[in-house]
1. Please enumerate the residues belonging to the range 141-169 that are out of contact with any strand residue (DSSP E or B) (no Cβ under 7 Å at 6 or more places or on another chain) and touching a residue at least 40 places away in the same chain (Cβ under 8 Å).
2. So is residue 133 touching a strand residue (DSSP E or B) at 6+ places or on another chain (Cβ under 9 Å), in contact (Cβ under 8 Å) with a residue 40 or more places away in the chain and not in a strand (DSSP E or B) or not?
3. Run down 105, 142 and say which single residue is surrounded by 12 or more Cβ atoms within 10 Å (Cβ to Cβ), farther than 16 Å from residue 168 by Cα and in the same structural domain as residue 157 (by TED's automatic domain parsing).
4. Quickly run through the range 148-172 and pick out the residues that are modelled with pLDDT of 95 or more and assigned to a loop (DSSP other than H, G, I, E, B).
5. Any residue in the range 170-184 that is within 18 Å of residue 118 (Cα to Cα) sitting within a Cβ distance under 6 Å of a residue that is modelled with pLDDT under 95 and assigned to a loop (DSSP other than H, G, I, E, B)? List the pairs, counting only those 6 or more apart or interchain.
């Protein structure tokens, strides 16, 4: 019996000496409370944690999120436009994979959002990009305006270029795109 008590005491002593060390936090402190936020900053201050901007980028700076949504089924008819976007002052082509060209009616309804055509394989615009947009409407004669989102500047630029909607119209092509000038 004495031997049993000795073994139990010995086991208790040994088990109390073999406690696992606490895990280290991101700053290397055992049992610390620091953690990595979504921007890979390690600290214990939750008031400075990085947040997503309106485009979903952690720590991003965009605050001009558009919420532009195309509705192909909202209108009965279309016209098709291949366009190039130019800076109205310099005449320089504006194009980036994250930029957006959209068509609007006079009430501010979206009538189409362009697809990127890149890279153009031949001609004057070879290796650059153009936009293909289906402009929608119910009746001919609607006044259409354009807006261009420049993602690099996080700005929506208005265009002085307009279009009068014509059912089944084809405006511009890869060789001679329709020019849309925007105020940069």
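The values are calculated or read from the model by the stated rules, or taken from the named source; none is laboratory data. Being a predicted model, the structure only gives us computed values, none of them experimental. Because the Cβ atoms are built from the backbone with ideal geometry, glycine has one as well, and the counts that use them run over all protein chains shown.
1. The answer is 151, 152, 154, 155.
2. No, not satisfied.
3. The match here is 105.
4. Scanning the range 148-172 gives 165, 166, 167, 168, 169, 172.
5. 174/120; 175/123
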